[in-house]
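Below is one structure; the comments refer to it alone.
Please treat every number below as a calculation from the coordinates, not as lab data. Treat the numbers as computed from the prediction; the structure is a model and nothing was measured. With ideal geometry, Cβ positions are generated from the backbone for all residues, glycine too; neighbour counts draw on all protein chains shown.
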Amino acid sequence: MTSPAPTLPVSLAANPRLSSWVKLSGDGRVAISPGKVEIGQGIVTALAQIAADELDIDIGRIEMIRASTAASPNEGVTSGSLSIQQSGRALRHACAEVRQRFLVAASERLGVDAALLNVDDGTISGPGNVRTSYWELAGDVSLEHDATPGATAKIAARRAIAGHSVQRVDIPDKVFAQPRFIHDLALPGLLHGRVLRPDVSGARLIGLDETAARTVPGLVAIARDGGFAGVVADSETAADAALKALRKGATWSAGEPLPDEDDLAGFLKSQPVETTIIDARPASAQRKPAQTLRRQYTRPYIAHASIAPSCAMAQWDGDRVRVWTHSQGVYLLRADLAIVLKLPAEHIVVEHMEGAGCYGHNAADDVALDAVLLAKAAGGHPVRVQWSRHDEMSHAPFGAAMAIEVEADLDADNEIVGWRHSIWSNGHAARPGRAAQPALLAASEIAKPYPRMVSTNPPAANGGGGDRNSIPLYDFPAWTITSHRLLTMPVRTSALRTLGGQGNVFAIESLLDEIAALRGEDPVAFRLRHLRDERARDVIRAAARRAQWKPQKRAGIGHGIGFGRYKNTGAYCAAIAEIEGAEDIRVKRLTLAVDVGEAINPDGVINQIEGGAIQATSWVLKERVRFDRTRITSASWTDYPILTFSEVPAVDVEIIQRPEIEPVGAGEAAHGPVTAAIANAVFDCLGVRVRDLPITRDRIIAAMELAS
Amino acid sequence: MSILQFRLNGDAIAVDADPDQMLLDVLRGRLSITGAHFGCGAGECGACHVMVGDRAMTSCDMPMWSVAGKDVVTVEGLGTAERPHPLQRAFISEQAMQCGYCASGILITAAALLRRNPSPTEAEVREALDRNFCRCGSHNRMVRAVLRAASEMAAS
């Protein structure tokens, strides 16, 4: 049997030119140019670690280049916890090959067999005290070559940097207020733009009296293109004042009605849908159920609610435009801009700058088109557009609401013999750059508007969307998993961390907990009994051990467990929640164990898991996009509260380090397990199951009334 | 417009500004001080916190007339890479952020707290920071960093 021919990592196969990833210069610096972007997750540090390790250089020599369509490899979108898998593998391979090319050149120069040479921080030395360096050879070694599949990276045991915690490269700038955020970039001649958006959902601008706005000092231009209108001014203060005046002169069409916020399941289940059987495992032997448990779980629309409102800058030069953005995908954004502007993509340069933490497809791409359209009226000046908090909380896409029905067939011993899981939800992705029509908000407002894109779901091979994590990881004898994707979209949805994963893990793990309780079986033991995957078992056992499962029962305290493997192919995570309370609950402690394979920056992984756990706690206890029948009403922090410092639980994370296993991302692993763990702890504490998120005082009281 | 005088990061400042304009707009738009960040414009999230005396206050809803004669400190005034404030050092040591957009406001809140109360308990740190929002979930690291800075300051 022959082993399969070696292949290139996927991102490297798509962008094989070595010089597009790595550049070494004579002055001892190394530029690393990934196609993935920093969105607060620490990715540039982890990628720098991988590069430094393979090149055998000090990490301090590395400059991480921000992604730009002018030069960077096209790695699509920074999403789905894939950056380590895609960019990390590509860089590891590319840097291994670059190192090898320098060793070959050094071998020729020094007359020593390459196999006898050693690299230490870029200095190449060999027997007889011969030495040269990357920096001496930089002029001679061309990286204008395509990567070849044969290069081999270091074995895990020889990695000195990857696999060890290092300090993030971006944190000092952020502590000392060195401008790093797009919001803080000062361009010469910068003007400021604001866009007029309706309060009423789906309303279109049909009339505009500009008289009052024209009198605002500092106004430079009013831009109008059909239903799209905005102002350009010489300061943010003036732009805000002009927008306020413009709003008074606006006439809007009637909007489109919103669903009944208090009956999300009723709404989701009454819409036209596209139905897909996600997976079916037929029963090998017919075991007649003694009873069937039918449960419905819901989660609301959830806002990204980044601390910074979305921001972008654009500057025209003739029929070419340059765009600064915190989008997750510079090439994808460029593709949509090209459609709207009817320009060749090469006329548009989109470059990334950091924004605030990004948890999925927020308004980053929308505001980039806003800036491009407003900059048309700015006579070649760059225009910076920053959304208001109100617009960020009402016009950006939300994570989709979900209704999930699970039916479990139980035999006479309450063992699971059949399992049916059905999801009703809007699609969880409407990202730009993926379709023939643009996904950007202003594209649906301009004079020749594109239809508003109805969100879809990524294919199963990419982890699915609404159906993400819906296939049980447990060895149930039979199941059918069905996804119903809505074909209407009165509330705009797109990708939010985990897509459907949080809802599905919540549903599965809640019902499992309920069945374990019905059987009088410990929920940890019950899960372990139904899992064959040792990595899954290990995270559950590790979390249980760390939380001293199961602590003695005390009045007013509850414990619960949740488990998931993100996308069923990514990071394993088990969470145990300790809560206290009655009608008002407080999450006191979360104990998690996680397995991401090789953890490149273990402290970075812990930071991501802690952050995911805390964000999930906020979702579970507090978050719900509010609306009446005409408008989104949760457009401020008062109306969309998130977890505060005093409410944040202690979070304790254990990493199961597996250096020999390909690394996967950590950013979305915790949300589902933490959600389920809290819900299960509520049952342990109060004896009621709350199946509708968020788990609020009202919901708990309602569940108690139902139970009594 | 009128000439408004105040102290900013130790320096005497005079700006010709509309007394009703907000301090944050003047800091960012006129003085190129970008450490204080815009988050909500309604004094709710703390991203724009500046220190006035020994209090952390939102600058997005602080009109310039109320700033006249005051002593204002932004994160730029806390320290530099060469001469860091103990809080800045501690935030690096604890890797106390993810995106870091909220961090400058949180550093200011913490600095004001430590001025008033040099050895706060964990609960007091949390209570002080309740007026600052963090969306990435770095709260516990930030609290640890503030406590670390407090103990360093007490030891020195």
To one decimal place, what Kirkwood hydrodynamic radius in Å is obtained for the protein assembly as shown from all pairs of distinct Cα atoms?
28.4 Å
Which residue, chosen from A:TRP135, A:ALA162, A:PRO172, occupies the Cα position most advanced towards the positive end of the dipole of region A:120-179, where the dipole is computed from +1 (Lys, Arg) and -1 (Asp, Glu) charges on Cβ about the Cα centre?
A:ALA162
In nm, give the distance between the simple-model label positions of B:GLN5 and A:GLN296, each being 7 Å from the Cα along the Cα-to-Cβ direction.
6.9 nm
What's the magnitude of the charge dipole for region B:86-155 around its Cα centre, counting Lys and Arg as +1 and Asp and Glu as -1 at the beta-carbon? Answer in Debye, nearest 20.
120 debye
Euclidean distance of C-alpha centroids, region A:36-63 and region A:421-488, integer Å:
33 Å
What ranking do A:ASP652, B:ASP20 get, fewest neighbouring Cβ atoms within 10 angstrom at the top?
B:ASP20, A:ASP652
Have a look at A:ILE695, A:MET64, A:VAL539 and report the one farthest towards the positive end of the charge dipole of chain A, computed about the Cα centre with Cβ charges (Lys/Arg +1, Asp/Glu -1).
A:ILE695
For A:ASP698 and A:ASP475, compute 0.36 nm times the residue count separating them, minus their Cα-Cα distance, and round to one decimal in nm.
76.7 nm
Per residue of region A:369-377, in order, report the coupling 6.51 cos²θ - 1.76 cosθ + 1.60 (Karplus, θ = phi - 60°) as ³J(HN,Hα) in whole Hz, putting x for Gly and Pro.
5, 3, 5, 4, 5, 5, 5, 4, 9
What is the distance in Å between the Cα centres of region A:246-284 and region A:64-98?
36 Å
Let me know the charge dipole size of chain A about its Cα centre in debye, to the nearest 20, where only the beta-carbon of Lys, Arg (+1) and Asp, Glu (-1) is charged.
680 debye
At 7 Å along the Cα-to-beta-carbon direction for both A:ALA345 and A:ARG535, put a label point, then send me their distance in nm to one decimal.
3.3 nm
Pull up the DSSP beta bridges for chain A and report the antiparallel fraction as a percent, rounded to 5.
75 percent
Rounded to the nearest Å, the spacing of the alpha-carbon centers of region A:365-394 and region A:336-353 is 15 Å
Would you mind getting me the FRET efficiency between A:SER284 and A:ILE656? Use the beta-carbon distance for r and R0 = 35 Å, nearest 0.05.
0.60
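Provide A:CYS573, A:CYS358 in ascending order of the number of other Cβ atoms located within 10 Å of each residue's Cβ, fewest first.
With the sparsest Cβ surroundings first, the list reads A:CYS358, A:CYS573.
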Using only the alpha-carbon atoms, how far is helix B:103-116 inclined from the longest principal axis of chain B? Give it as 0 to 90 degrees, nearest 10.
80 degrees
Estimated FRET transfer efficiency when R0 is 56 angstrom, pair A:SER19-A:VAL454 (beta carbons, to 0.05)
0.85
Given labels modelled 7 Å from the Cα in the Cβ direction, how far is it in nm from A:ASP27 to A:ILE557?
6.0 nm
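When a/c is below 1.5 the answer is rounded, else prolate if a/b is larger than b/c, else oblate, so apply that to region A:507-616 with a ≥ b ≥ c taken from the square roots of the Cα gyration tensor eigenvalues.
Verdict is oblate for region A:507-616.
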Going by the alpha-carbon gyration tensor, a ≥ b ≥ c the square roots of its eigenvalues, is region A:1-111 rounded (a/c under 1.5) or, if a/c is not under 1.5, prolate (a/b greater than b/c) versus oblate?
oblate
Run the numbers for A:ASP628 and A:ALA435: contour at 0.36 nm per residue of separation, minus the present Cα-Cα distance, in nm.
66.3 nm
Under a Cβ-only charge scheme (Lys and Arg +1, Asp and Glu -1), can you give me the dipole magnitude of region A:10-175 about the Cα centre, in debye to the nearest 20?
360 debye
Förster radius 30 Å - calculated FRET efficiency between A:ALA157 and A:THR569 (Cβ-Cβ, nearest 0.05):
0.70
Taking 0.36 nm per residue of sequence separation and subtracting the Cα-Cα distance, how much length would be gained by fully extending the chain between A:ASP262 and A:ALA412, in nm to one decimal?
50.3 nm
Degrees separating the helix B:139-155 axis from the principal Cα axis of chain B, which is the longest one:
90 degrees
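Using a ≥ b ≥ c from the Cα gyration tensor of region B:2-74 (square roots of the eigenvalues), is it rounded, prolate or oblate, where a/c under 1.5 gives rounded and otherwise the larger of a/b and b/c decides, a/b for prolate?
Prolate, since a/c reaches 1.5 and a/b exceeds b/c.
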